[in-house]
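A.B. asks: Here you go, one structure.
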Amino acid sequence: MIPSQGINNFFRQMPKAIFTWVLLLLVTGSFAQAPADSVSPVEWDLQQCLDYAMRYNITLNSLRLSRQTSEQDLILSRAARLPNLNASATQNFTGGKNTNNSTSYGTAASGSYSVNSSVTIYNGGYLNRDIQQKNILTQVADLSIAQQMNDITLLITQSYLNILLARENIIYIKDIVTTSEAQVARAQQQYDVGSIALKDLAQLQAQLANDKYTLITAENTRRQNMLTLKQILQLPTGKPFDIVAPDTLMATGLLTPVDEAQQEAFDTRPEIKSGNLNVDVAHLDLAKARAARLPVLTAGGSLSSNYLTGNDFAYFKQLDNNFYQQIGLTLSVPIFTRKVNKTNIEKAKINIDQSHLNLQNTKTNLSQDVEQAYINVLNAQGQYDAAVEQFKYVQESYRIANEQLKVGVANIVEFLQQKNLYIQAVQAYVQSKYNAALNIRIYDFYRGIPVKL
């Protein structure tokens, strides 16, 4: 082991530039070895949540692997138009007693070698149709990924807003608890000097306990909503995680008419595009089935040679003498296939009708979803406007009741009733606020507008 004094002398004698480079390598090396999770943010905004899910979600990655499989099928389909090439070699050794002399044992060796190739010249357009079909199926795989991304986006957005709702609800409830604690402390002083009855003090203490219970419930709701979002993101259990509240929440602007929104959804949503492509796939299946009725013309060629020991010619001389070349055309005409081709054609026609029905069903469901989202926005906005007005008046009534309680002119029962109305108004206001924000974004998302907070 090097003494510490020697180490100090080593660094003291090292040129300053070299020391700087060594120090830089040590620092950058330590950062490079740090796991990615250690530098990831603890507080995420909505876009960071979406980006993480789009990259690491297991279902999405599984669909991406399926898309790679479709791409390999397309490569294989394109390669079917190319000629193949096969080589074969056979080497045999035989032994046995000599026919002229049963006491002697003889051996012989033989071999044959060949190279052959074939290419399809005409097959009724089957290969071209198959390439088109595989290309479309690759596009369908891309659209399946996009559709799953849309579903995950809505789930994350809803869960994100639920957390924000719970947070804001906690803020209001904490304020109510603080006010209740001050009221109980003031009532205790009044009871001590005989200004109020024990019954009135007990009612305020019971209300404080109920407010604390409501606060605990709200905090548990926030924790549960946070767990739900982590599960959607598929984050590790022990990973620290929290979200960032946006600066603004409510969306503004005129609401797009439902018929325009439905048309925008038809033009942009991946499930509609996928349905249209599946109709094309079904038509190509029919074309491939009909191509099986047509002749198939194939060109082929081969090179071959062989040798046998015991012959008067040497090995390479035999290979040269036995060298054969062959080239030719093969025409295969289906005459009777026991109704295989006819059945495949009829089944392809059925699949075309089924693909049209599936597309129509997808359009109908999407149209209904957009219309329902439109109604949800109208209801949510109406509820929010009513909740804002209710909250304004109830808040003022509660303030007046609280001031009356301070000066001792309020009836405890009437005050508690007014307080309960205030709590209900707070919860209705917060709930309607986030419900309106969510439904507006869902409606716009159907129209192809990205979700933002």
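A.B. asks: On the given criteria, is LEU329 modelled with pLDDT of 95 or more, open to solvent by 60 Å² or more (accessible area, probe 1.4 Å) and hydrophobic (A, V, I, L, M, F, W, C)?
C.D. replies: Here the answer is yes, as LEU329 does meet what is asked.
A.B. asks: Has segment 302-320 got at least one residue that is surrounded by 14 or more Cβ atoms within 10 Å (Cβ to Cβ), closer than 30 Å to VAL333 by Cβ and either touching a Gly at 6+ places or on another chain (Cβ under 8 Å) or of a type outside the set (A, V, I, L, M, F, W, C) (or both)?
C.D. replies: Checking segment 302-320: at least one residue is surrounded by 14 or more Cβ atoms within 10 Å (Cβ to Cβ), closer than 30 Å to VAL333 by Cβ and either touching a Gly at 6+ places or on another chain (Cβ under 8 Å) or of a type outside the set (A, V, I, L, M, F, W, C) (or both).
A.B. asks: Also, I was wondering about something else. Select, from GLN390, GLN360, the only residue that is surrounded by fewer than 16 Cβ atoms within 10 Å (Cβ to Cβ), in contact with a helix residue (DSSP H, G or I) (Cβ under 9 Å, 6 or more places away or on another chain) and either at pLDDT 95 or above or of a type outside the set (Ser, Thr, Tyr) (or both).
C.D. replies: Going through GLN390, GLN360 in turn, just one is surrounded by fewer than 16 Cβ atoms within 10 Å (Cβ to Cβ), in contact with a helix residue (DSSP H, G or I) (Cβ under 9 Å, 6 or more places away or on another chain) and either at pLDDT 95 or above or of a type outside the set (Ser, Thr, Tyr) (or both): GLN360.
A.B. asks: Could you please tell me which pairs satisfy a Cβ distance under 7 Å, a separation of 6+ or placement on different chains, a first residue in segment 183-204 that is loosely packed, with under 13 Cβ neighbours inside 10 Å, and a second residue that is at pLDDT below 90?
C.D. replies: SER195/GLY408
A.B. asks: In segment 307-338, what residues are aromatic (Phe, Trp, Tyr) and either touching a residue at least 24 places away in the same chain (Cβ under 8 Å) or closer than 17 Å to LEU297 by Cα (or both)?
C.D. replies: Correct list: TYR307 only.
A.B. asks: I'm checking my understanding of the structure. Among residues of segment 240-259 that are in contact (Cβ under 8 Å) with a residue 60 or more places away in the chain and more than 20 Å from ASN162 (Cα to Cα), which one is least open to solvent (accessible area, probe 1.4 Å)?
C.D. replies: THR256
A.B. asks: Also, I was wondering about something else. Just to be sure I understand the filter: pairs with C-beta atoms under 9 Å, separated by 6 or more residues or on different chains, first member in segment 79-103 and assigned to a loop (DSSP other than H, G, I, E, B), second member hydrophobic (A, V, I, L, M, F, W, C) and modelled with pLDDT under 70. Which pairs pass?
C.D. replies: Final answer for the pair search is none.
A.B. asks: Let me ask another. How about segment 395-439: which of its residues are closer than 22 Å to GLN183 by Cβ, assigned to a helix (DSSP H, G or I) and of a type in the set (A, V, I, L, M)?
C.D. replies: ILE400, ALA401, LEU405, VAL407, ILE412, VAL413, LEU416, LEU421, ILE423, ALA425, VAL426
A.B. asks: Are any residues in segment 419-451 polar (S, T, N, Q), crowded, with 20+ Cβ neighbours inside 10 Å and over 30 Å from ALA146 (Cα atoms), and if so, which ones?
C.D. replies: Answer for segment 419-451, where residues must be polar (S, T, N, Q), crowded, with 20+ Cβ neighbours inside 10 Å and over 30 Å from ALA146 (Cα atoms): just SER432.
Listed here are the residues, each with its yes/no results for (1) open to solvent by 100 Å² or more (accessible area, probe 1.4 Å); (2) touching a residue at least 40 places away in the same chain (Cβ under 8 Å); (3) of a type in the set (Phe, Trp, Tyr).
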| residue | (1), (2), (3) |
| --- | --- |
| THR364 | no, no, no |
| VAL370 | no, yes, no |
| GLN381 | no, yes, no |
| ARG399 | yes, no, no |
| ASN402 | no, yes, no |
| ASN411 | no, no, no |
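The values are calculated or read from the model by the stated rules, or taken from the named source; none is laboratory data. In this text the structure is predicted, and so the values were computed from the model without any measurement. Heads up, the Cβs are rebuilt from the backbone with ideal geometry, glycines too, and the neighbour counts pull from every protein chain shown. The accessibility values were calculated without ligands, DNA or RNA, using every heavy atom of the protein model including side chains. Shrake-Rupley method; radii C 1.70, N 1.55, O 1.52, S 1.80 Å.
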